[in-house]
Every structure is written in C-alpha cells, then in structure tokens.
Amino acid sequence: MERLIWVYDSPFSRSIKWLLLENDIRHEDHLLSWDELLTDELLARANPKKQVPVLLGEAGVRVDSLLIALDYLPGNWHQTLDAKLFRLADSDVEAAIIFLFRARLLSSKFGESENSALMRQAGIEAYKASVDYLLDTLLADKHSLPGCDFGAVLLLSTLLAALSLADAKLSGYRHPELAAFIRGVEENASYRRMLAECQGKPGNWVPFEFHPFLAQALEG
C-alpha cells in the first residue's frame, strides 16, 4: 500500500491527496504539521529536503507533486487547460503566498514596518494579477469552464492559502466571478471526500472550501 506524507495546509499535498482519491489508489496517511517537517524521521529519510508531499510505495520514494502526479495523469496532460491552471498556481499564486507569508512573519517578529507593508502589498498585487489572468485569459470562454482535475485542485488550494494569509486585505476581489471555477472543484466527489475527512482537524487552518471568502465578498 502507498503511504502519503503530507500536511493538510500544503496546497501541493492537497493536490496529490486528491489525485490518489480520484484514482482509487489505496494509501495510508502520514500526516504532519508544519513544525513537524523539521523533526519527522520518516520524512527526513525519504526526502532530505524535508518537503511534502512524499509518496512511499512499491515504486520506491517519490517526491515533488508534479513528478508524483505524472505517474497518474494522461500523457497529453501538459497540453490541457488543467496544466495551465497548475502552472498559474505553481508560479504566480505561489509567489503571492510567499510574499504574504513573509509579510506576516516580519510583522509578528518585529512589528508592522515599511518592509512588511511592502511585502504584503507585493503579495496582494501578485494575487490580483493571478486572478485577473485566470478569469480574463484562461477562463475567458465561459462555455468551456474546467471541472475538477489535478491543476484545478492545486489552484484552488493556493488561492485559499493566499486569502488566509492576506488577513482580509483581499476580501471580495472578484470572488463572485470565481464562483463557477470553485464550484467545479468543490462539487467533485473526491474533493468532497477529502474535505469531509480533513476539514477542521487539528493542524488544518486553511479551509478546503471557498464559501467563507465568498460570504465576505457578498457582505462587503
């Protein structure tokens, strides 16, 4: 049986967890918190970089979400819209997360400063640019919206992570327009199963559902 080392709030972990569920891959979870990444012996043996997700099984040790996923994705996946959603999440939205995380870290350790404000603003701008590109370019054709797939799960997860770090600074930004994309992911049976099994558990701070942020947008 496969063994998945992952963290609830890691978007890349979530995408692999979903992929295993979607493909009916029998597996067990080795769940960690962010703090445990540095001290967990199994993770250290499997991946010296101490990054998740890691998949252990008959095929050996597999690391890096994309490299793991390629064992399950169709051969032409790189030519699909879902691959473009993956790249948007993996590059642009991930950059927003890094800026917002560093802004929060600076503020918590040293108090609010010009540096933390500049870092936060960079994260906000990166998030908005990512959403604009998603809605105005990748999803411009409203008649061919994607459903739930590997890249879409990663994209939703990174958007949720960025919003959680933004402390309401991004509340309402084009959220109603994102509703169709979000619904396509959240209504998927495997995603609902992941949500039911993981949402609200100890160590899970980033929600699996978008509705709290949509509610903020509607109230605003």
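Coordinate-derived values only; no laboratory data. Quantities reported herein were computed from a predicted structural model and do not represent experimental measurements. Ideal geometry is used to build each Cβ from the backbone, glycine not excepted, and the neighbour counts take in all protein chains shown.
Considering only L73, L85, L160, the residue lying farthest towards the positive end of the dipole of the chain is L160, judged by Cα position with unit charges set on Cβ.
The residues neighbouring F210, those whose beta-carbon lies less than 14 Å from its own, together hold a net charge of 0 under the Lys/Arg +1, Asp/Glu -1 convention. Within the range 1-143, DSSP assigns beta bridges of which about 55% are antiparallel (rounded to the nearest 5). So what is log10(I(q)/I(0)) for the range 1-55 at q = 0.13, 0.25 1/Å, when the Debye sum runs over its Cα atoms only? Calculated log10 I(q)/I(0) at the listed q: -0.28, -0.96.
A89: net charge of surrounding residues, Cβ under 13 Å, Lys/Arg +1, Asp/Glu -1, itself excluded? Net of charged neighbours comes to -2.
With Cα atoms as the point set, the radius of gyration and Dmax of the chain evaluate to 17.3, 51 Å. Checking every one of the GluC sites (Glu not before Pro) in the range 120-220 against DSSP loop status and a limit of 15 other Cβ atoms within 10 Å picks out E187.
With contributions of -39500 (n - 2.57) from each DSSP H run of at least four residues, the per-residue ellipticity at 222 nm computed over the chain stands at -16000 deg cm²/dmol.
Computed over the chain, relative contact order equals 22 percent, with contacts defined as Cα pairs under 8 Å that lie 6+ residues apart.
Annotation: average projected area of the range 39-157 is 9.7 square nanometres, based on the convex hull of Cα atoms across all directions. The residues neighbouring L31, those whose beta-carbon lies less than 13 Å from its own, together hold a net charge of -3 under the Lys/Arg +1, Asp/Glu -1 convention.
Taking Cα pairs under 8 Å and at least six residues apart, what relative contact order does the range 24-126 come out at, in percent? List each step's numbers first, then the result.
Details: 67 pairs, mean separation 15.0, N = 103.
It comes to 15 percent, rounded to a whole number.
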